[in-house]
Amino acid sequence: MEFATFADRAGTIDAEPADLEIVAHVRELLADAGDDACGGAEPQTLEIVARFAQGRVFPAWDSTTLDIGPSTCYEAIARAAGTNVGADDVEDRLADVGEIGEVAASYDFGGQQGLSAFISGGAGGGGDDLTVREVYETLEDLAHAEGSGSQDRKVDLLFGLFNRCSSEEARYLARIVLSEMRIGVGEGTVRDAIAEAFDVPQDRVERALQVSNDYGRVARVARDEGLEGLDAMELEIGRPVQAMLAQAGTVTDALEEWDEAGVEWKYDGARIQLHYNPAGSGPADTRVFSRNMEEVTDALPEVVEFAADTLEEPAILDGEVVAIDADGSPLPFQEVLKRFRRKHDVAKAREDVTVRPVFFDCLHADGEDLLEEPLTTRHARLRSVLGGSDTADHTGGDGTAADADVEGLSLLWLTDDPDEIESIDADALEAGHEGIMLKNPASTYSPGRRGKHWRKRKPDVETLDCVVTGAEWGEGRRATFLGTFELAVRAGDDLATVGKVATGITDEKLSELTELLEPHIAAEDGQDVDIEPAVVFEVGYEEIQTSPTYSSGYALRFPRFLGVRPDKDPADADSLERLERLQGQ
Ligand code: AMP
């Protein structure tokens with residue numbers, strides 16, 4: 001396909017406001033890309049077109065970049081525009097029109113034909129014969145230019161391309177080079193266009209995209225091998241997958257939606273994806289990627305060593321790298337950043353800050369893709385990959401002592417008990433971590449998705465000081481303790497109830513609270529106790545919702561006991577007005 005044709009189609013798409021129409025145009029573009037019968041690893045024009053349409057030169061999993069700043073691009077444009085034009089003219093025009101494509105399209109290129117033919121090997125002459133493939137190959141050369149003089153070589157190569165461009169070609173070349181395509185073609189557009197162009201189901205295209213992270217390749221497989229080819233696409237060690245993401249959420253919602261919640265500590269570090277192939281036919285290959293699929297292997301030798309020492313089978317693991325002090329306690333996130341993308345003096349940086357990986361998911365093990373397996377299965381596999389037991393009765397990893405011995409494993413507790421979740425949270429904070437993650441034990445791994453299956457617990461935004469107006473005698477072991485305390489806020493001269501707190505209280509604390517409250521018991525009816533207003537509790541909560549259950553008309557969701565406020569009287573407790581204000585926020 002000629003680059004002029006691509007630019008023309010991109011222009012049509014750019015001018016099209018309707019999403020459905022855009023999909024139709026991209027479908028045509030893919031269908032018309034043609035089969036250029038190149039073999040092996042060489043990308044087909046179809047693959048290049050699928051990427052260019054999104055403003056990408058290389059697949060998302062590929063860390064290769066053009067490694068040119070805007071000024072290199074301005075310089076190349078200026079040179080192609082003629083001897084009277086300098087990079088500062090380009091910048092001035094950019095300041096006026098605000099978009100590099102528009103600036104590039106405003107020049108008349110092609111005046112430097114002889115020189116362009118010499119540099120790029122092309123015939124030169126204003127966009128009559130530049131193909132999509134030639135543009136790609138030149139950009140690939142440019143990306144791989146290294147060493148002294150490489151910046152000059154990059155400018156030369158880019159100049160050679162611009163010099164052969166018509167206005168419209170230059171518009172889209174500039175945008176591709178600076179990753180500013182912005183013609184409204186998102187990932188979903190290309191996915192839908194691939195499905196329509198090659199008549200394959202959208203969800204299967206989606207799956208293939210998830211495992212390959214390569215829109216170009218998926219388009220080619222869909223065209224050349226159809227559904228069977230798409231379904232046969234698998235994860236590959238060394239090619240990163242988009243990370244599954246979490247959204248903020250509450251324990252209440254998690255327990256309402258799932259039978260039980262998977263609970264893990266939330267580590268305050270940087271996300272890593274470890275790809276490991278043990279020594280066998282070739283040398284061991286360990287690669288580490290960031291959350292954005294950038295390769296960070298060289299910056300994190302501890303992770304590479306961990307893999308070599310611990311792993312025996314090929315695997316792709318998802319986890320977090322955490323900075324630790326001499327005792328192994330976690331250090332703040334800022335410390336990890338000193339190590340994470342470091343390219344120079346890694347050994348020296350390692351002396352200052354040590355890092356350690358913790359893994360919470362396993363996407364692939366020993367030839368088997370696990371994305372479609374439930375979390376509990378993936379976690380069990382993770383445990384065995386890390387050298388822990390793989391006995392069948394140990395289905396989910398359950399935070400047991402046996403699991404605690406597995407180095408590098410993030411423990412997973414399965415529970416429907418808010419009290420237990422509370423104590424896991426308290427332990428996590430105590431150990432210096434950020435809090436907890438709540439995960440749906442039945443959920444599959446959805447790359448790149450910020451879904452409801454992983455929730456990071458919202459920290460308490462505010463706390464409330466509430467008067468204790470009632471309680472219940474406990475049962476069994478706790479029969480002599482008061483518990484489940486009724487809470488109220490001030491409402492004028494009165495009190496209005498807002499909920500009951502039962503979580504976040506140890507037995508020892510219950511005993512203290514019973515001693516504190518017993519003298520204030522006003523009436524008893526079976527287990528229920530009325531308490532005259534005297535004691536104020538500080539409580540955390542996840543949300544305030546309207547509710548007919550309590551006299552205030554509101555209920556605290558998931559209230560947690562934080563402490564007694566001995567310095568406060570009921571008159572100093574929070575008011576209904578504050579509660580209403582907080583609810584409206
Ligand atoms: P946030 O960055 O606040 O959106 O929180 C999500 C991030 O928490 C993930 O991308 C991980 O980097 C990190 N994280 C820490 N511990 C865990 C865990 N146990 N499970 C999943 N993600 C975790």
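I'd like to know if the stretch 158-172 contains one or more residues that are outside the structural domain of ILE100 (by TED's automatic domain parsing) and in contact with a Phe, Trp or Tyr (Cβ under 8 Å, 6 or more places away or on another chain).
No, that holds for no residue.
Criterion first (assigned by TED's automatic domain parsing to the domain that holds THR376, more than 10 Å from the ligand (Cβ to nearest atom) and in contact with a helix residue (DSSP H, G or I) (Cβ under 7 Å, 6 or more places away or on another chain)) does THR286 satisfy it?
yes
Within the stretch 517-559, track down each residue that is within 39 Å of the chain's Cα centre (by Cα) and aliphatic (A, V, I, L, M).
Passing the criteria: VAL539, ILE544, ALA555, LEU556.
Kindly indicate whether any position in the stretch 511-519 is among the small types (Gly, Ala, Ser) and either touching a Leu at 6+ places or on another chain (Cβ under 9 Å) or closer than 23 Å to ASP569 by Cβ (or both).
The answer is no; no qualifying residue exists.
Among the residues of the stretch 332-359, write down those that are over 20 Å from ARG287 (Cβ atoms), within 16 Å of the ligand (Cβ to nearest atom) and touching a residue at least 40 places away in the same chain (Cβ under 8 Å).
Across the stretch 332-359, the qualifying residues are PRO332, PHE333, LEU337.
Among the listed residues ASP224, ASP298, ASP309, ASP259, which satisfies the condition of being among the charged types (D, E, K, R), over 30 Å from ILE324 (Cα atoms) and part of a helix (DSSP H, G or I)?
Numbers: ASP298 fails: over 30 Å from ILE324 (Cα atoms); ASP309 fails: over 30 Å from ILE324 (Cα atoms); ASP259 fails: part of a helix (DSSP H, G or I).
The unique qualifying residue is ASP224.
Please pick out the residue among LEU516, LEU579, LEU562 that is of a type outside the set (Gly, Ala, Ser) and buried (at least 20 other Cβ atoms within 10 Å of the Cβ).
LEU579
I'd like the full set of residues that are part of a loop (DSSP other than H, G, I, E, B) and hydrophobic (A, V, I, L, M, F, W, C), limited to the stretch 431-450.
Hits for the stretch 431-450 are ALA431, ALA442.
Which residue, of ALA488, ALA471, is of a type in the set (Gly, Ala, Ser), touching a helix residue (DSSP H, G or I) at 6+ places or on another chain (Cβ under 7 Å) and either without any contact (Cβ under 8 Å) to a residue 40 or more places away in the chain or in a strand (DSSP E or B) (or both)? If you could, list the steps in order and put the result at the bottom.
Working: ALA488 fails: touching a helix residue (DSSP H, G or I) at 6+ places or on another chain (Cβ under 7 Å).
Selected residue: ALA471, the only one of ALA488, ALA471 that is of a type in the set (Gly, Ala, Ser), touching a helix residue (DSSP H, G or I) at 6+ places or on another chain (Cβ under 7 Å) and either without any contact (Cβ under 8 Å) to a residue 40 or more places away in the chain or in a strand (DSSP E or B) (or both).
Scanning the stretch 431-450 for residues that are modelled with pLDDT under 95 and closer than 24 Å to LEU209 by Cα, which turns out farthest from the chain's Cα centre (by Cα)?
If we take residues in the stretch 431-450 being modelled with pLDDT under 95 and closer than 24 Å to LEU209 by Cα, then SER446 is farthest from the chain's Cα centre (by Cα).
Given the criterion buried (at least 23 other Cβ atoms within 10 Å of the Cβ), in the same structural domain as GLU422 (by TED's automatic domain parsing), farther than 20 Å from GLU47 by Cα and in contact (Cβ under 8 Å) with a residue 40 or more places away in the chain, identify the matching residue among GLY262, GLY249.
GLY262
Residues in the stretch 334-348: is at least one part of a strand (DSSP E or B) and either of a type outside the set (S, T, N, Q) or surrounded by fewer than 22 Cβ atoms within 10 Å (Cβ to Cβ) (or both)?
no
Which numbered condition trips up THR286, out of (1) free of Cβ contacts under 8 Å to residues at least 24 places away in the same chain; (2) surrounded by fewer than 17 Cβ atoms within 10 Å (Cβ to Cβ); (3) among the hydroxyl-bearing types (Ser, Thr, Tyr)?
THR286 satisfies every listed condition except (2).
Please verify whether the stretch 237-251 includes one or more residues that are part of a helix (DSSP H, G or I) and more than 16 Å from the ligand (Cβ to nearest atom).
no
The values are calculated or read from the model by the stated rules, or taken from the named source; none is laboratory data. None of these values were measured; they are calculated from a predicted model. Cβ sites come from the backbone with ideal geometry, for glycine too, and all protein chains shown count toward neighbours.
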